[in-house]
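Take a look at the structure below.
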Amino acid sequence: MAITPRHYLDLPDHFVKLYTEKRSDLEEQQLHFNVGLKKIVETVLQVEEMQKSLEVKSQVLAPILMSAFSHCRS
């Protein structure tokens, strides 16, 4: 296949097309990563809330368990 001047004239169009496709792919990938990152942040916040709740419930439950164990031993 011979390279003609027309090929050189089409080169910028091909470059723009390739650039647009790659940019679109990268934007889609970035969106996917951002959604995943948002979910990770939400999960971290939920875990922190659950840990606080567990700590409060453990403090409430500890005396009850101690009382139950002392009644079992007697």
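Remarks
- Tensor-based shape of segment 28-71 (alpha-carbon gyration tensor, a/c under 1.5 rounded, otherwise prolate or oblate): prolate
- Folded to 0 to 90 degrees: helix 5-73 orientation relative to the chain principal axis, Cα: 0
- Calculated translational diffusion coefficient of the chain (4 °C, 1.567 mPa s; Stokes-Einstein with Kirkwood radius over alpha-carbon pairs) equals 70 µm²/s.
- Calculated [θ] (222 nm, deg cm²/dmol) that DSSP helices of n ≥ 4 give over the chain, each run adding -39,500 (n - 2.57): -35500 deg cm²/dmol
Bear in mind that the values in this text are calculations on the coordinates, not laboratory data. Nothing here was measured: the structure is a model prediction, and the numbers come from that model.
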